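Input: one structure, supplied below.
FYI, it's all coordinate maths here, none of it is from the lab. Fair warning: this is a prediction, and the values are worked out from it, not measured in the lab. Cβ atoms come from the backbone with ideal geometry, glycine included; neighbour counts cover every protein chain shown.
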Amino acid sequence: MSELQQLPTCTPVDVTKLPTRDGFTVRVAIRSDLQAVRSVVNSAYSVERDSDEFKFKHTERFTNDEEPLSHMYFGNQPPPGHKGAFLVLIKQESQRVVGCIHIESDETNPDTTAQFGPLAVDPALQGQGLGTYLVRVAESVAQQWGCTHLGLRTANVRTDLLQFYPRLGFQLVGTAPFVQVERITRPVHFILMSKALGG
């Protein structure tokens, strides 16, 4: 039984058509990945708590192993007319989950626009281009779904990411309120970015 058959409720993703990276494999997440996904995401975002620049109160995106199920189409059916999938990055040598990315159709333009987040890479493997690789994977998934644009949102205090994403072709398209006010120690808002696909 394939991984896709084990998780039939996400929007189909043909992993054989995704970009490849030597030493790593991308596949659709399955329930047994939950603990590893939680660990990778929380450790990757710990920089928001530990850095003097960001100073978030806490950075745990998933407070228990079941949370990705309810928030990220991780084993759940996307709403009618929407698409969603959670992919994990596996290091082939150890068969360990070392990264992940969630992709879903945009709420306002589900037929043409996908968005991604969270994107996370094990801090021990950061700086090797794996984050860039996962963005390329998200672009490929969005195109499989027939989308023409890929979007994201990031906190305005994440100046590192505001420099990173434009290098991958994303452009500023707007702002939005940061609703998780319990996480912040100073005013924060979201920066919205988008990229045209297939150009």
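Express the C-alpha Rg of the range 114-194 as a ratio against the empirical globular expectation 2.2 N^0.38 Å, rounded to two decimals.
Expressed relative to 2.2 N^0.38 Å, the Cα Rg reads 1.15.
Let me ask something else about it. Could you list Ser140, Ser43, Ser94 so that the one with the fewest beta carbons within 10 Å of its beta carbon is first and the one with the most is last?
Ser94, Ser43, Ser140
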